[in-house]
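Below: the structure, in structure tokens.
All of the numbers you see were taken from the coordinates with simple rules; none came from a lab. Given the structure is predicted, the values throughout are model-derived calculations rather than measurements. All Cβ positions, glycine included, derive from the backbone under ideal geometry; neighbour counts span all protein chains shown.
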Amino acid sequence: MYRKIMVPIDLAHVDRLAKAIDTATDLARHYQIPVCFVGVTAETATSVAHTPDEFARKLEEFGSRQSAARGLQIETAAYPSHDPTVDLDKILIRAADENGADLIVMASHVPGIAEHFFSSHAGDVASHARISVFVVR
């Protein structure tokens, strides 16, 4: 049914991604397909990495650990951005296309008052992507 699953990964908040990663890897195991972890980082230093190259290495290390622990093929792709907050949704949609994903499994938060004024990244991706998006809370 699916060929590849993409999972957006925020290395600053890995502790909040367990359900999305579990869901994606369970689906990948069921369909016997690969997973691609995608991370978007600033072009400047962040709390996670000083450079986009360092971020890409950390994302790859995270993917390798998850791959070994789950017994699945997990690849990674890092995307630098001038302003990740503004560019995130467009970059994730482009990344799905560039990496051959036909399903995005994405973590979200429980909606609150802010969502009445600003949409969530998961909501925006689900609204604009041409492929299926599974939003996990």
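Please report the net charge: other residues with Cβ closer than 12 Å to the Cβ of L59, K and R +1, D and E -1. Local net charge: -3. Tell me which label goes with the value of Kirkwood radius over Cα pairs in Å computed from the coordinates here: (1) 15.1; (2) 18.0; (3) 21.2. After the calculation, the listed value that fits is (1). With the Cα gyration tensor of the range 6-77 giving a ≥ b ≥ c as the square roots of its eigenvalues, does the rule (a/c under 1.5 for rounded; else a/b larger than b/c for prolate; else oblate) give rounded, prolate or oblate? The shape class here is prolate.
Counting pairs of alpha carbon atoms under 8 Å apart in space and at least six apart in sequence, what relative contact order in percent does the chain give?
Values: 228 pairs, mean separation 40.8, N = 137.
Averaging sequence separation for qualifying contacts and normalising by length gives 30 percent for the chain.
Within the range 1-101, which GluC sites (Glu not before Pro) sit in a loop by DSSP and count at most 13 neighbouring Cβ atoms inside 10 Å? Let's see the in-between values first.
On the way: sites: E43, E54, E60, E61, E75, E98; in loops: E43.
Qualifying residues, ordered by number: E43.
If you take all other residues with their beta carbon under 13 Å from the beta carbon of K4, and give Lys and Arg +1 and Asp and Glu -1, the sum is -3.
Residue by residue, the range 69-76 carries 3J(HN,Hα) couplings of 5, 9, x, 10, 7, 10, 9, 10 Hz when phi is fed to the Karplus relation 6.51 cos²θ - 1.76 cosθ + 1.60 (θ = phi - 60°); x denotes Gly or Pro.
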